[in-house]
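> Have a look at the structure that comes next, please.
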Amino acid sequence: MTNNKQLELNRRTVMKLGAGVAAVAGAGVNLAPNAFASEPAATKAASLGSRVSRAEGPLKVAGKARYAIEQKLENMAYGVTVQATRPAGRIVNIDASVAKALPGVIDVYTFQNTLKINKPTVYSKGGGATEEFTPIQDDLVRFNGMHIALVVAETFETATEAASLLKVDYEDGDAILDINDPEAKPMLIEPMGVAWGDAKVGLDNAEVKIDVTYTTAREYNVPMEPHATIASWENGKITVWEPSQWVGGARSVVAEFLGIDIENVRVISPYVGGGFGSKIGAHPHVGLACVASRQLNRPVKVSLTRPQTFTGLGGRPATRQTLSIGASKDGTITSIVHESWNETAIDEVHVEACNNVTKIMYATPNFSSRLNVVPVNTVQPGWKRGPGENPSAYALESAIDELAYALNMDPVTLRLANWADVDPSNNMPWTTRQLREAYAAGAEAIGWWNRNPAPRSMREGRELIGYGMAAGSYPMIRTPSEAKIVFHTSGQVEVLSAATDMGTGTYTILAQTAADYLGVPVETVTVRLGDTSLPRSALAGGSQQANNLTGALVKAAENARTALVRLAASDPKSPLQSLKLPELTFEKGTIRPTRRPAGGISIAELLKAVGKDRLEIEGNTFASGATEDMKNAADRSFAQLKGATEGSVSAHSWCAQFVEVGVDEDFGTIRVKRMVAAFDSGRIFNPKLAESQWISGMVMGLGQTLLEEGYVDQRDGRTVNANFADYAIPVNADIPEIQVISVGIPDMQATALGGKGVGEIGVVGVAPAIGNAVFHATGRRIRSLPITLEKLV
């Protein structure tokens, strides 16, 4: 690698590029026991940009936040699903006689005693569903763990016992259980391929080449709150309590399940105990609960057990990626050739877009990428934090590190040498791209330039020490949304939206936004979320919700200010009725004569004076002239979703991840000792919440890299480790000191308030950074996730 003189030159170059970020770099947070103690109270710091604690936090800590399945309804029945124990074939018979004879059992529904569930429309075809599969409609076995029966009883315990009494006869079929199965039939997804220049010729003529393959294991979302639902049918209408990241989408799916008008469906989801993409769609067990409730004309609760959440819905699919990079000896990349494969259900298509980062990160005259899916006998995969970008960055940023060592060049310097001034996939200008500043801040914070760059050259006792880094991106996704503000004579202000809060801080940010733009104390603002009876909102996913909703709420606040001033000037009972509109000013929650620097009347005083109990004002971010059909489409589908290149500019969040690892030389155990990441997420609405999201993404990335792997028994397709005892996820003891740094600036081309995505970007780039650090420590390159002791020794 480079000598000390060259290292110092590299350090100075990167620090010069990152000049001006020192102030924000100092705002980094260490994940220590008291890191989040002594935050200012919400009443003392309300405006956007303040470190306000989560509004719903006290309710959750005290156990007063009632989640979806904690609702208590009269005459509730309880459903328990039974899952297939074969990976393929057909069900010959399900003997439910013993189960039905058990006292308290209401009924057992199977393909032989079925309830009609209509296939929903998946998101790729204009609907809100994440899978087409509907259970108990036929005898076909698609995968081990597929729902094949629903037992409904007066108590959960009775339903559970009865479910164990079913006797199922199968006719086994041939199964494909792995993307590397020689019998598997990969399918090329041509529309998602990207190419420019002549990648093959560019690669053939390159002075330096690398040609590598990387794989990632099947991963599961495993949120703390299991998937469960309560459905209550009454008088031709249904109410569903469902932990959902998208109540509008769930509403459309439930309407399709039942074949009823969507106006007769209400979905309620006040709190969500984590989702990470797995609660965007209403899954098949929701359909079972809904049809059972209609059949029995009473509420039915269906709760998946923890093992059932591994096969009742899909997580991130296993992937295989081949990546070839050609470069000149000075480090200029001349060609990239990338091809990926991911598993999908045997009769459905899920694409993990593994070229998302590869196609935009570096300037190159020649590029080619192809995406393939491999149908296997598994539950339809789904989205997990950073879908597409996560595995894409893993392969690309691992390969860039390999190229850096092949060139004897510093990894940060190599990345800067191939800086893309515009989006290379379309030649569009970036909105903002503070990635140089991220490199500088992260490198300085972790001491990158002080390390010995030679592999296996650093040691602390019996531990080999290694440093690694990687970059990442996540696209700006935006969907028009609505918000409503309700003013009360008590002085309270309500903010209403159908959006959900899955722990990201939606309640808090909306309260801050309302307080900021209305000039009222934040403690007077109450936020109501998670109900399809409230103003329409897009899904909480793709790092878009905060920007969608704050934009809509600011529109509502602007409309409210105008309406209040107009009311003060026009209503005969108003104390300010004698003044004209231009003579009135709205400021700090009061309406006053413009010529007077103080005084005036509060919103509550105005409402009381004119005899109004409340005033409701709406706002939205839809284009002028948007129809009701267009607004409904934004609420229930992806039809109104705007991608990263809306407006002929390319908008993304960016990150630079740096880690230090220690590898026990005798045992091969890996300990991540420090993690530092610098993020460009634009304007930060609440640093405390943003830091929490970034840190949680980094923790999830650590789990992906070192621990998480779904094991499938190749004999019968069973997920062997479908529980928290055997599916390893990080615990506190696994997590090192973490520092996160914001280098972003307001991006007014991306969103109305200048924010960019926060939630997804934290996980992107963690896996390659750790893998690269393990190589630096040991001199061994592991190209398969997770990186376990068995692969290293």
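> Please work out which residue is most open to solvent (accessible area, probe 1.4 Å), limiting yourself to the range 502-522 and to residues that are part of a loop (DSSP other than H, G, I, E, B) and within 13 Å of Phe685 (Cα to Cα).
Filtering the range 502-522 for residues that are part of a loop (DSSP other than H, G, I, E, B) and within 13 Å of Phe685 (Cα to Cα), the one most open to solvent (accessible area, probe 1.4 Å) comes out as Thr504.
> While we're on this one: Considering each residue of the range 645-671, count those that are over 22 Å from Thr751 (Cβ atoms), of a type in the set (A, V, I, L, M) and part of a loop (DSSP other than H, G, I, E, B), and give that number.
Number of matching residues: 0.
> Given (1) assigned to a helix (DSSP H, G or I); (2) of a type in the set (A, V, I, L, M, F, W, C); (3) farther than 26 Å from Arg451 by Cα; (4) touching a Gly at 6+ places or on another chain (Cβ under 7 Å), identify the lone condition not met by Phe685.
Only one criterion is unmet by Phe685, namely (1).
> Go through the residues of the range 388-401 one by one and say whether even a single one is within 21 Å of Gly765 (Cα to Cα), open to solvent by 30 Å² or more (accessible area, probe 1.4 Å) and either basic (Lys, Arg) or not in a loop (DSSP other than H, G, I, E, B) (or both).
Among the residues of the range 388-401, not one is within 21 Å of Gly765 (Cα to Cα), open to solvent by 30 Å² or more (accessible area, probe 1.4 Å) and either basic (Lys, Arg) or not in a loop (DSSP other than H, G, I, E, B) (or both), which makes the answer no.
> Got at least one residue in the range 713-728 being crowded, with 24+ Cβ neighbours inside 10 Å, outside any loop (DSSP other than H, G, I, E, B) and at pLDDT 95 or above?
Within the range 713-728, not a single residue is crowded, with 24+ Cβ neighbours inside 10 Å, outside any loop (DSSP other than H, G, I, E, B) and at pLDDT 95 or above.
> Would you be able to say whether some residue in the range 130-152 is over 30 Å from Gly277 (Cβ atoms) and touching a residue at least 60 places away in the same chain (Cβ under 8 Å)?
For the range 130-152, residues over 30 Å from Gly277 (Cβ atoms) and touching a residue at least 60 places away in the same chain (Cβ under 8 Å): absent.
> Another question, if that's okay. Taking the stated definitions as given, is Ala282 in contact with a strand residue (DSSP E or B) (Cβ under 9 Å, 6 or more places away or on another chain) and either at pLDDT below 95 or open to solvent by less than 10 Å² (accessible area, probe 1.4 Å) (or both)?
So Ala282 fits the description; yes.
> Next up: Looking only at the range 523-564, how many residues end up being surrounded by 24 or more Cβ atoms within 10 Å (Cβ to Cβ) and more than 30 Å from Ile280 (Cα to Cα)?
The total comes to 1.
> Across the range 304-314, which residue is most open to solvent (accessible area, probe 1.4 Å) among those that are β-branched (Val, Ile, Thr) and part of a loop (DSSP other than H, G, I, E, B)? Steps first, answer last, please.
Of all residues in the range 304-314, those β-branched (Val, Ile, Thr) come to 305, 309, 311.
Those left that are additionally part of a loop (DSSP other than H, G, I, E, B): 305, 311.
On the way: Thr305: 60, Thr311: 17 Å².
If we take residues in the range 304-314 being β-branched (Val, Ile, Thr) and part of a loop (DSSP other than H, G, I, E, B), then Thr305 is most open to solvent (accessible area, probe 1.4 Å).
> Do you know which of the residues in the range 292-303 that are out of contact with any Ser or Thr (no Cβ under 9 Å at 6 or more places or on another chain) and either not assigned by TED's automatic domain parsing to the domain that holds Phe133 or not basic (Lys, Arg) (or both) is surrounded by the most Cβ atoms within 10 Å (Cβ to Cβ)?
Kept after step one, since they are out of contact with any Ser or Thr (no Cβ under 9 Å at 6 or more places or on another chain), are these residues of the range 292-303: 292, 294-297.
Checking the rest, the ones that are also either not assigned by TED's automatic domain parsing to the domain that holds Phe133 or not basic (Lys, Arg) (or both) come to 292, 295-297.
Numbers: Ala292: 24, Gln295: 16, Leu296: 17, Asn297: 11.
Here the residue is Ala292.
> Which one of these does Ile238 not meet: (1) open to solvent by 10 Å² or more (accessible area, probe 1.4 Å); (2) in contact with a strand residue (DSSP E or B) (Cβ under 7 Å, 6 or more places away or on another chain)?
Of everything listed in (1) open to solvent by 10 Å² or more (accessible area, probe 1.4 Å); (2) in contact with a strand residue (DSSP E or B) (Cβ under 7 Å, 6 or more places away or on another chain), Ile238 misses just condition (1).
> Another one. From the residues in the range 424-470 that are closer than 30 Å to Phe667 by Cβ and charged (D, E, K, R), which one is surrounded by the fewest Cβ atoms within 10 Å (Cβ to Cβ)?
Top of the filtered list is Glu460.
> Could you check, for the range 345-356, whether at least one of its residues is outside any loop (DSSP other than H, G, I, E, B) and not polar (S, T, N, Q)?
The answer is yes, given that some residue of the range 345-356 is outside any loop (DSSP other than H, G, I, E, B) and not polar (S, T, N, Q).
> Continuing with the same structure: Which one is nearest to the chain's Cα centre (by Cα), of the residues in the range 254-287 that are part of a helix (DSSP H, G or I) and among the charged types (D, E, K, R)?
So, considering only residues that are part of a helix (DSSP H, G or I) and among the charged types (D, E, K, R), the one nearest to the chain's Cα centre (by Cα) is Glu256.
> Looking at (1) in contact (Cβ under 8 Å) with a residue 60 or more places away in the chain; (2) touching a helix residue (DSSP H, G or I) at 6+ places or on another chain (Cβ under 9 Å); (3) more than 28 Å from Leu539 (Cβ to Cβ), which is the one condition that is false for Thr121?
(3)
> Separate question: Could you run through the range 748-793 and say how many residues are in contact with a helix residue (DSSP H, G or I) (Cβ under 8 Å, 6 or more places away or on another chain), surrounded by fewer than 24 Cβ atoms within 10 Å (Cβ to Cβ) and part of a helix (DSSP H, G or I)?
Of the residues in the range 748-793, 3 are in contact with a helix residue (DSSP H, G or I) (Cβ under 8 Å, 6 or more places away or on another chain), surrounded by fewer than 24 Cβ atoms within 10 Å (Cβ to Cβ) and part of a helix (DSSP H, G or I).
> Determine whether the range 295-308 contains at least one residue that is farther than 27 Å from Thr504 by Cβ and in contact with a helix residue (DSSP H, G or I) (Cβ under 8 Å, 6 or more places away or on another chain).
Yes, the conditions are met somewhere in the range 295-308.
> Inspect all residues belonging to the range 219-231 and state whether any of them is under 20 Å from Ala395 (Cα atoms), surrounded by 14 or more Cβ atoms within 10 Å (Cβ to Cβ) and either touching a Lys or Arg at 6+ places or on another chain (Cβ under 7 Å) or among the aliphatic types (A, V, I, L, M) (or both).
The answer is yes, given that some residue of the range 219-231 is under 20 Å from Ala395 (Cα atoms), surrounded by 14 or more Cβ atoms within 10 Å (Cβ to Cβ) and either touching a Lys or Arg at 6+ places or on another chain (Cβ under 7 Å) or among the aliphatic types (A, V, I, L, M) (or both).
> If you scan the range 354-387, which residues turn out to be open to solvent by 10 Å² or more (accessible area, probe 1.4 Å) and among the hydrophobic types (A, V, I, L, M, F, W, C)?
Matches in the range 354-387: Ala363, Val379, Trp383.
> Which one of these does Ser650 not meet: (1) under 30 Å from Arg459 (Cβ atoms); (2) touching a Ser or Thr at 6+ places or on another chain (Cβ under 8 Å)?
(1)
> Filter the range 249-276 down to residues that are buried (at least 24 other Cβ atoms within 10 Å of the Cβ) and among the small types (Gly, Ala, Ser), then give me how many there are.
Matching residues across the range 249-276 total 5.
The values are calculated or read from the model by the stated rules, or taken from the named source; none is laboratory data. Only a predicted model underlies this, so the values are computations on that prediction, with no experimental measurement involved. FYI the Cβ positions are ideal-geometry reconstructions off the backbone, even for glycines, and counts take in every protein chain you see. Side chains are part of the model used for accessible areas, which takes the heavy atoms of the whole protein and leaves out ligands, DNA and RNA. Shrake-Rupley method; radii C 1.70, N 1.55, O 1.52, S 1.80 Å.
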